[in-house]
Protein chains: 2
Amino acid sequence: MAMSRQEEEDLVDWLSPLFLGSYAENNELLEKVLVELLRDHVYWRRNIHPEDRPQIPVLAETGPEYRRFVGRMKTELHGLTARLKNSAPFFNPRYIGHMASDLLLPGLIAQLVTTLYNPNHVTDEASPVTLPLELDLGRQLAAMSGLGTDPEREPCAWGHATSGGTIANDEALWYFRAVRYWPLAAARAMRQADFEPGRLGHGPADFPRAPDRELFNLSIDTVIRLRRELMADIDRRLDRRQARRLAEAIEGERVETLGMAEFHLRHPELGTPAVLVPDTAHYSWEKALKLLGLGSAQLEPVAVTERMRLDAAALERRIGELQARGRPILAVVGILGTTEFGSIDPIHEIVAARQRWRRKGLDFAIHVDAAWGGYLASMFHRPDGTLLGRDEMRRGFHLFPSEPVYKAFAALRHVDSLTVDPHKLGYVPFGCGAYVARNRGMTDFISQRAAYVFEDADTIPDAEYERRFRNLGQYILEGSKPGAAAAGAWLSHRVLPLDADHFGRLIAETIRNCEYFFEHIDQLRDELAGIARVVMPFEPDTNLVCLAINPEGNRSLARMNRFGRRLYARLSVGENVDIHSREFFGSRTLVHRHTLGGRAAERLMAELDLDPDTFVEEPDDSGEQADSVFLLRHTLMNPWLSGREEGLNYLDRYCRYLAQLVRHELAH
Amino acid sequence: MAMSRQEEEDLVDWLSPLFLGSYAENNELLEKVLVELLRDHVYWRRNIHPEDRPQIPVLAETGPEYRRFVGRMKTELHGLTARLKNSAPFFNPRYIGHMASDLLLPGLIAQLVTTLYNPNHVTDEASPVTLPLELDLGRQLAAMSGLGTDPEREPCAWGHATSGGTIANDEALWYFRAVRYWPLAAARAMRQADFEPGRLGHGPADFPRAPDRELFNLSIDTVIRLRRELMADIDRRLDRRQARRLAEAIEGERVETLGMAEFHLRHPELGTPAVLVPDTAHYSWEKALKLLGLGSAQLEPVAVTERMRLDAAALERRIGELQARGRPILAVVGILGTTEFGSIDPIHEIVAARQRWRRKGLDFAIHVDAAWGGYLASMFHRPDGTLLGRDEMRRGFHLFPSEPVYKAFAALRHVDSLTVDPHKLGYVPFGCGAYVARNRGMTDFISQRAAYVFEDADTIPDAEYERRFRNLGQYILEGSKPGAAAAGAWLSHRVLPLDADHFGRLIAETIRNCEYFFEHIDQLRDELAGIARVVMPFEPDTNLVCLAINPEGNRSLARMNRFGRRLYARLSVGENVDIHSREFFGSRTLVHRHTLGGRAAERLMAELDLDPDTFVEEPDDSGEQADSVFLLRHTLMNPWLSGREEGLNYLDRYCRYLAQLVRHELAH
């Protein structure tokens, strides 16, 4: 549904104060608030033991050493800013390349100001007042995803900032391994200590002697409860010293202690656990499996559909195959907004598959890599946290959200953990990713100290978690970490809450711009008719669009790719490229033969009028074949893309420029 | 040697412009430069396609939506700064607790300003101009440590920023594993492919059939050369397709592909590799071994001396034991400035031990965790990079550097990699650690893509590394990362080069303050004579000092510890503690029974007049025993500690306050 004139004006009003702006329209606001808070910091300093004599002499600034230093500093700063001025102009609506845009003023200012105070969130001893904000940031993101954050009800979610999405993905696997390997360690230690636990409320009836495969196939929640019950049972049945010994013996049998090699030697019947990811997964997943010693061969890629979404049927087949081969599954990863295409995996199908397989005694953890798409969840929730109906949501769009996309977001509350990057679609500066877990009980399995202190009860009180997270560095992959990044994201969400009426409004505009691009691509197609074929290989799920452009008459994929690279060369930045020479800024990607199914590959080749025999897994030396299709990739996250000038918005102008570029490149 | 009056005045002149200052004396300088560069950014924005119509209406700021948003933003920012004002006042010389102090103005300003441009150093496509600065930061830190950075000479060092020291430590082990496991994978793949390489210049004579233990015990440099030679040989002897197959087969045999479990199953004679760390190592090392799937049981702690330095004799014994038990050694880690005591491990002894063991066919990589002490290396080098003589250095100090400390720093150029944290003794904001490797050839083993492109030569040209590092995210643990942090550290080093005449001067002042504290502790001891015993358990190597204080007549360690905690409660910050109620800010640590050798423990108990039987590994329930000694810990990194008021400097005043506190606590 198109917006009325009034709605458009309202939107401009609403958007106006959010960013500095492409013309830096809000420069006075930014400068005023920043200077005010800088001065506030200055006078804060003076109010801590004001009786102390200032150490720097009042006339210091007149001295030659002082002036030399300031001179050197300014010279170097000038050198730096001179370089910075050839940066990719992320803030500008002409930038539709990588996942970066302008920065939300509240988050930017909060981060800059907090940097002056420089809290370190490794422990609250170095950040007594801001570490709780980071934990609150975790709750904000958890609530946005539909996870429970009420400390009085289990499971209660928790989360924290990371330096980026890669670390959050690593952390997800680190946590899954810690929890899911634990029962095997506990059973072995109990057998060796001849300890017979009482009847526990969760897990197998005969815990110490249950087969390893059964112990591995317990859900995250079950293992958490099982551990608490066992620890309480040990505490009841053994004296303090014996209990401590047994707890140490369990620690000694864990994979974290023994390492992967020795643990699997002791549990030969377990098999090597696989991690299933869609073919579209970011390369950080391969890196994660290498890092953790799981091995990239354990990364089982699952085929994707023609829409670049994980194929639920293929997932089902893959799980069946693994089960038949006796290989356990550590986790299935779904992507919410793939890096290359913005596509949304059917999270609901992954959740449903788990339900089905659980009945057959097979379990796996589910992580959602929502580094890109996590913030889209803000559009799906009312301010009171309830989920909007799909019909209600669709009123604001032409196509969004498709049924599978809607269901994927609605299913987020069932997954075990998520990666969400505030420094992407959260519009805060780089250096802020986040890890969010549905059940904070997972942290019972992570600490650099053995848990000798038992609880009498089989629940852990909220205060214990609160206490625990004050030593944040003990429960996360990183150690010393900037409070400023977390404070920036936290404050941004305070000003623009993560629901459909606030933050979601901003994100909705990116979706609408994408729909506009999608619907107007025909114009570009028509304009280039007879000159080049323009194909959008995948209907966009969210706010990323890819285009392939093949000069008319060309039948070779490799040639088309070379042509695409020439176009990209005019849209890209570089150390030796003057950014002022660029009309627009794009990015590019490759889609490999093995990612596209046979049918999708055929269809795409046909649409582009390319010889399908030039799209092969192993190209020959002819220079005609290629193993991947080169695509221009567009991230449409700047909310001002719809801004018009002489009736044309930035996307119209981009298309016009692209047509001109194609003609120009074909003529030269 | 004491400073002359003139020298003191010169130092104050020199120090004056470096920081904002405890009275924010340099507030005008900071504000002026910051606002200037903010405006410069604003006008930069306006110069990118100035023909575009500004999107935000000129009258936007008068509208009700706009004003509501600004109001909400200000309210939230006020709430944040209200909290921040109860932050630990790191900047103040009264803060001598954790490893944090005031921030160097050049680095602070550079980071704040770069944040406005928001470069992402994952790839130069998102940071065309600042990513090279991060690589230059790596060179600055490498050169400070004495490593070669000339691209024309092998080995050439490289380094990059990390979010903190923990990630840098993880990365060190990740790289070591990649390199040192590689020959075993290559040999196995060659055997299976029946490939016979020609004669190679490095490694064992019969590479494919060399025993795994021999292949594991090759130096980092040897493996790097060996791989290049083999790849060139493969390229010469096989056609393109066969060569690619063999390269893939080698990749397929690597531990990164197979995982730890399967790799060790295929190489049962290798044994589980150990990582040796001193007993004083930071807990992040345990975390690293858990993360990488090596297992914390493979962390072999080595005893430390009474000075809290790694005991070279104990290291030698431990290596011998491991060799006798058939266990290979992945790495030995030395600490340059332990977190708790600032002590400096004898890096030269580790290097010498490796030389000796190499002759016996045993090799290990050496990593130095210089997260804290790395910047001390700046004091040891002249601006031309040459090492200062010890005698020359000692002129500026009373005691520093002791011979072992001097030798440790002089030996840094022989180690394989280092962790250095600019956000600690580099005085830049949190979120900036660094990883530095002596030989950038290690990156030949790390990429998320298999290396199908071979080089004809057995060397890799500089341009190839330059090209490679432009895709930084492929060669490091993290992905998207803030260019602002790296730019801040880089610029700081440009203004204050990392040598004895510049940055080293600042660090030297921290050492002198530590010497002052050390030499004046007798006054505190005398003042409390008959009231409490004050003991400095370890003579400081650098700029950290710990104190134990035992009330006269008390013989129980547990009681002394409880008393120490009461003192600490008056020196610590917290969410519910008004920082204005604090005179000074300290920190605390525990030294465990197993870390202190028997003799050192006895000596310490005697000095404190404590019953040695109350210091035990497993305390009973009496409340008299403890397994560790509670210490007040002081980080003396604020360069203004020597600032005097009425003849007393901050350290004098701290001692006076501490005496008063002891009396007060004893009276209540």
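The values are calculated or read from the model by the stated rules, or taken from the named source; none is laboratory data. Just so it is clear, the structure is predicted and the values come from calculations on it, not from any experiment. Glycine also receives a Cβ, built like all others from the backbone with ideal geometry; neighbour counts cover every protein chain displayed. Accessible surface areas use protein heavy atoms only, side chains included; no ligands, DNA or RNA. Shrake-Rupley method; radii C 1.70, N 1.55, O 1.52, S 1.80 Å.
Rolling a 1.4 Å probe across all protein chains gives B:Lys290 an accessible area of roughly 20 Å².
The figure for B:Thr257 is an accessible area of roughly 30 square angstrom, using a 1.4 Å probe on the protein chains alone.
Expressed to the nearest 5 percent, the antiparallel share of DSSP beta bridges inside chain A is 60 percent.
I'd like the carbon and sulfur percentage of the solvent accessible area for region A:1-99, probe radius 1.4 Å, heavy atoms only, ligands and nucleic acids excluded. All intermediate terms of the calculation are to be shown ahead of the outcome.
Working: 2380 of 4450 Å².
With neighbouring chains kept in place, the figure for region A:1-99 is 53 percent.
Of all DSSP beta bridges confined to the protein assembly as shown, the antiparallel ones make up roughly 60%. Projected label points at A:Glu645 and A:Asp150, each 7 Å from Cα along the beta carbon direction, are separated by 5.3 nanometres. Using only side-chain charges placed at the Cβ, +1 for Lys and Arg and -1 for Asp and Glu, the dipole size of the protein assembly as shown relative to its Cα centre rounds to 1100 debye.
In this rough spin-label picture, where each label sits 7 Å from Cα along the Cβ direction, the A:His664-B:Arg413 distance is 5.2 nm.
What does the helix-only formula give at 222 nm for chain B: each DSSP H stretch with n ≥ 4 adding -39500 (n - 2.57), the total divided by the residues, and the result rounded to the nearest 500 deg cm²/dmol?
Numbers: 21 runs with 291 residues, N = 668.
About -14000 deg cm²/dmol.
Report, in listed order, any pair from A:Lys481/B:Lys287; A:Lys32/B:Lys32; A:Lys74/B:Lys32; B:Lys85/B:Lys481; B:Lys32/B:Lys481; B:Lys360/B:Lys407 with a Cα-Cα distance greater than 18 Å. Flagged as over cut-off: B:Lys85/B:Lys481; B:Lys32/B:Lys481; B:Lys360/B:Lys407. For A:Gln242, the point set 7 Å out from Cα toward Cβ sits 6.8 nm from its twins in the other copies, listed from shortest up. Among residues of chain A, the one whose Cβ lies closest to the rotation axis carrying chain A onto chain B, together with that distance rounded to whole Å, is A:Gly293, 1. Set the Förster distance to 25 Å, then compute FRET efficiency between A:Asp522 and A:Arg565 from the Cβ-Cβ distance, nearest 0.05. It comes out at approximately 0.50. Spin-label model, A:Arg213/B:Ser622: points 7 Å from Cα along the beta carbon direction are separated by 5.5 nm.
I need the helices of chain B that pass two filters: whole DSSP H segments spanning 30 Å or more by Cα along the axis, and mean Kyte-Doolittle score no lower than -0.5. Don't skip to the answer; put the middle values down first.
Details: long enough: B:165-193 (41 Å, -0.13); B:503-527 (37 Å, -0.53).
What comes out of the filter, once short or polar helices are dropped, is B:165-193.
Sparse packing (at most 15 other Cβ atoms within 10 Å of the Cβ) combined with a DSSP loop state is found for none of the GluC sites (Glu not before Pro) in region A:471-526.
Counting, for every residue in B:10-20, the Cβ atoms of other protein chains within 10 Å of its Cβ and taking the mean gives 6.
With the full set of protein chains in place, find how many percent of the accessible area of region A:502-627 is carbon and sulfur; take the probe as 1.4 Å. Don't skip to the answer; put the middle values down first.
Working: 2220 of 5060 Å².
Its accessible area is 44 percent carbon and sulfur atoms.
The alpha carbon centroids of region B:198-229 and region B:457-507 are separated by 31 Å. Spatial offset of region A:18-66 relative to region B:1-63 amounts to 8 Å, using the alpha carbon center of each.
Taking every residue in B:58-67 and counting other chain Cβ atoms within 10 Å of its Cβ, the average works out to 4.
The other copies place their A:Arg467 label points at 5.8 nm from this one, listed shortest first, where each point is 7 Å from Cα along Cα→Cβ.
What's the local net charge at A:Tyr427, with K and R +1, D and E -1, over the other residues with C-beta under 14 Å away? Kindly include the intermediate steps, with their values, before the conclusion.
Numbers: positive: A:Lys424, A:Arg505; negative: A:Asp102, A:Asp421, A:Glu509.
Within the 14 Å Cβ shell, the charges total -1.
Applying 1/(1 + (r/R0)^6) with R0 = 25 Å to the Cβ-Cβ distance of A:Glu9 and A:Arg394, what FRET efficiency is obtained, to the nearest 0.05? It comes to 0.65.
In nanometres and ascending order, the distances from the A:Glu306 label point to those of the other copies are 8.1 (point 7 Å from Cα along Cα→Cβ).
Run the accessible area of region A:226-332 with a 1.4 Å probe and give the carbon-and-sulfur part as a rounded percent.
47
Mean sequence separation of contacting Cα pairs (under 8 Å, at least six apart), scaled by the length of region B:160-240, corresponds to a relative contact order of 33 percent.
Suppose all protein chains stay in the model; what accessible area per residue would a 1.4 Å probe give for region A:326-389, in Å²? Before the final figure, lay out each step's value.
On the way: 1620 Å² over 64 residues.
For region A:326-389, the solvent-accessible area averages 25 Å² per residue.
Could you compute how much accessible area chains B and A hide from each other, both sides summed, with a 1.4 Å probe? Nearest 100 Å² is fine.
On the way: alone 30230 and 30260 Å², together 45310 Å².
The B and A chains share an interface burying roughly 15200 Å².
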